[in-house]
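Derivation of every value follows stated rules applied to the coordinates shown; laboratory data play no part. Since this is a predicted model, take the numbers as computed values, not measurements. Note that each Cβ is placed from the backbone with ideal geometry, even for glycine, and that neighbours are counted across all protein chains shown.
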Amino acid sequence: MIRGAALAALGGVTIGVALLLLDRSSDSPPVTRPSLVAAVPADDPLAPAPAPGLSIPAPRLLANGEAVSVWAPLRASAVVRAAPSSNASALGTLPARTPEGTTNIALVTGNGVDRQALWVPVRAAGLTGWISRAALGGYQTVDTLLEVDTRAFTATLHRAGRVVFSAPVGVGTVDAPTPTGDFFVRNVLTRYSSAAYGPIAFGTSARSETLTDWPAGGFVGIHGTDRPDLLPGRVSHGCIRLRNIDILALARLMPVGTPVTIT
Amino acid sequence: MDTYFEQFDRDGALRETEAALPAETRRDLLLGALAGGTALALFASEPASAATKGDVAILNYALVLEYLQSSFYTEAERRKALRTATAKQTARVLGSVERAHVAALEQALGSAAVKRPFFDFRGTTENEDAFIRTGVAFEDLGAAAYKGQAHRIQSKALLQAAISIHSVEARHAAWIRYLAGTTPASSAFDEPKTMAQVNRLVASTGFIVRRPTTRSRRRPRFTG
Amino acid sequence: MRWAGSGTARKGFTVATEHSTASRSGFLRLGFAGAGTLSLGAVLASGAPRAEAASPSPALDVQVLNYALLLEELQVAFYAAALDRGKLRGDLRDFARVVVEHEREHVGLLRGALGAKARKVPRFSFGAAVSNPRRFAATALELEDLGVAAYNGQAANLTRDALIAAARIVSVDARHAAWIRAIENRPPSPQATDPAKTRRKVLAEVDRTGFVR
């Protein structure tokens, strides 16, 4: 048997080819197979790569998107139209700002978008229709949903399809009822001083149907109270009142843009 | 993909629509956009400082680009406006990888991580052609950005991580080009881009915008 | 070590220039979260012990580049042989035609940098891997993925200039890998990161192909 000798690499300039002779029997001719790896020195000066300094998780697909809602801020006041065309009839105008001075937002109601992505179907304060894409800013998604039951006097927050919060509420009186329907949270007010509203107030896109002359548009809010003794019950002018401890908890869980379904 | 980024500033369709807005509104938009710039911190040109600070800066730079990509694909998937199987698959597959990159960088940076910017992708997550073109540009850009920084990273461990992400970005760039019907590799060498070049390109898209103000300290005037 | 400039004409993507609405360009900056952090200290200080590792140096670059040269010559020979055999059609043929030219340019850059220090390269023989289109596709996929793992495995061993050049090359090899994967209906990237392989591992895999004569 003949063994070939591996030629050690000299300064990496040349590489020897090691010959391995396999000799199963004295009758069969030797088979030669060159081996590149055999020429690599045991102490390879080309060290192994260091362990990466970032730990990168396996890619994960998004979880089910059923619970996701999309909203967008208004970049400017915009006309809402009955169809995705500038010739369609105008249903109303969305102002760029809310009465609270925050950026007005609209909820995107569907996948619908025309081929050139010029028009988007939205729902906003009292208006449902199509708005120019250029009038909207960047999309945001939320996976929360608030359900307010005006007969059971409860507010329940769902996140990714699971209940994460529930509390008793006060709602509007018979004369000034909380409107029912699909709305959304459009701003958050804090650090004001008004005990009647508690520590935090959320503005919604819902409007009172009876208090049509109410200043600042007659919008319904979700907020704290200095009369927790009145909850649960029909006690307000349409707003949804929670105990202060509850509104604070809700504020940690509910982002702007959360759809609000009032039954 | 020549002159791709030019389209973003003045895409024909968007321009027509903006022309429909009243003149004062257009001016306000412009001024608003200019004013918004000062709210964001100026990104220093390559900081020459201790290894740790320099590497942190590079990681945060990478993180913003990964936020850009992951937010783009995630929004495309969530918005559900894209119709073709190709576009949907691209958003799903590439989105999952870019989100993993974001997670890795956020975890490493901890409290030093930059916050995710607010994006307006201006219709590119809703129109098939624009989506694919934007994806191509993002992946090409991501690979070029990593190439521009690799040799500046001082930690060998972080270099290793960056280099292993870089080649994935290049794979994505080729794959999405293949799906777009254009050549996956148009030349024998891919060139690096500097931070300044990348910043300029990203700025030119107009995708990073001011956060909308949805909080206020005003006294509520709801119905009560 | 002399590096050819990155003067290869770039087709396709061009850097955006100033736009008519100057308001947009220049006002946006990527956010920057300020000072260095202690939380990264542990990460940055870590990394597998490389006590026996030679530090990057021009001499070490020569070894790495010769190793890369071997792999690139293997690819050139593979694609050239496949095109010669004339059995490729459609997507695969387009792929091979473009890629062989890229690999030739890679060889050119490496030989230019190495000068007289360029290694002798073995001869290769490919058998059915270049005459059977399905075998060709599988082999191309394997070789391109292997090339990426090889370069990624050496990045930390390179000096600055060599690293810049290597990144310009591996980026295109990664494109090739994704391209053949797309043709074969495979995902472009098996994971969120590309693994690194040691020289030993890479050469052992090359040995296993049986292509080296």
TODO: Given the options A:Leu36, A:Leu145, A:Leu189, state which has the largest fluctuation in a GNM of chain A using a 10 Å cut-off (strictly under) for Cα springs.
DONE: A:Leu36
Task: Built amide H within the under 5 Å cut-off of B:Lys193, gap 5+ - done: B:Ala145, B:Lys147, B:Gly148
TODO: Evaluate the relative contact order of segment A:171-251 (contact order divided by residue number), counting alpha-carbon pairs under 8 angstrom at least 6 apart; express in whole percent.
DONE: 36
- [ ] For B:Lys193, list the lysines whose Cα falls under 18 Å from its own Cα; do not include residues on the same chain fewer than 8 positions away.
- [x] B:Lys147, C:Lys11
Task: Farthest toward positive dipole pole in segment C:56-209 [+1 Lys/Arg, -1 Asp/Glu at C-beta], among C:Gly153, C:Gly115, C:Thr139 - done: C:Thr139
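Would you mind counting up the charge near C:Ala177? Only other residues with Cβ under 13 Å from its Cβ, with Lys and Arg at +1 and Asp and Glu at -1.
Details: positive: B:Arg171, C:Arg175, C:Arg181, C:Arg186; negative: B:Glu169, C:Glu103, C:Glu142, C:Glu144, C:Asp145, C:Asp173, C:Glu184, C:Asp194.
The answer is -4.
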Task: Where Rh is the Kirkwood radius over Cα pairs, Rg/Rh for segment A:65-141 - done: 0.95
- [ ] Would you tell me the mean number of C-beta atoms belonging to other protein chains that fall within 10 Å of each C-beta in B:99-111, as a whole number?
- [x] 5
TODO: Let me know the charge dipole size of segment C:56-209 about its Cα centre in debye, to the nearest 20, where only the beta-carbon of Lys, Arg (+1) and Asp, Glu (-1) is charged.
DONE: 340
TODO: Working from Cα positions, state the angle (0 to 90°, nearest 10) between the long axis of helix A:244-253 and the longest principal axis of chain A.
DONE: 40
- [ ] Compute the signed sum of charges (Lys and Arg +1, Asp and Glu -1) over the other residues within less than 13 Å, Cβ to Cβ, of A:Ala63.
- [x] +3
Open item on the list: Run the reach check for B:Lys80 against lysines, Cα to Cα strictly under 17 Å, same-chain hits fewer than 8 apart removed. What comes back?
Closed with: B:Lys88
Task: Low-density loop positions, trypsin sites (Lys or Arg not before Pro), segment A:188-263 - DSSP coil, at most 15 other Cβ in 10 Å - done: A:Arg191
Open item on the list: For peptide B:191-200, what's the mean number of Cβ atoms from other chains within 10 Å of each residue's Cβ?
Closed with: 3
- [ ] Determine the gain in length on full extension of the stretch A:Val164-A:Tyr192; use 0.36 nm per residue of separation and subtract their C-alpha separation, reporting nm with one decimal.
- [x] 7.4 nm
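Report the local net charge at B:Lys88: Lys and Arg +1, Asp and Glu -1, summed over other residues whose C-beta lies under 14 Å from its C-beta. Each step should come with its number before you reach the end.
Values: positive: B:Arg78, B:Arg79, B:Lys80, B:Arg83, B:Arg92; negative: B:Glu75, B:Glu77, B:Glu126, B:Glu128.
Once all neighbours under 14 Å are counted, the net charge is +1.
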Task: Unit charges on C-beta of K, R, D, E only; dipole of segment A:143-262, Debye - done: 300
Task: Spin-label model distance (nm) - A:Thr93 vs C:Asn185, 7 Å beyond Cα toward Cβ - done: 5.6
- [ ] May I ask you to derive the relative contact order of segment C:50-114, considering only C-alpha pairs under 8 Å and at least 6 residues apart, and to give it as an integer percent?
- [x] 44
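Across peptide A:35-43, how many C-beta atoms of other chains are within 10 Å of each residue C-beta, on average? Before the final figure, lay out each step's value.
Values: counts 5, 13, 10, 3, 1, 7, 1, 1, 2.
Taking all residues of A:35-43 together, the mean is 5.
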Task: Estimated dipole of segment C:93-169 in Debye, rounded to 20 [Cβ of Lys and Arg +1, of Asp and Glu -1, Cα centre] - done: 340
- [ ] Any lysines with Cα under 22 Å of the C:Lys87 Cα? List them, leaving off those in the same chain fewer than 8 positions away.
- [x] none
Open item on the list: Could you work out the relative contact order of segment A:65-141? I mean the mean sequence separation of Cα pairs under 8 Å and 6+ apart, divided by the number of residues, in percent.
Closed with: 38
- [ ] Specify the residue with the greatest mean-square fluctuation among A:Ala49, A:Ala63, A:Ala124, computed from a Gaussian network of chain A linking alpha-carbon atoms under 10 Å apart.
- [x] A:Ala49
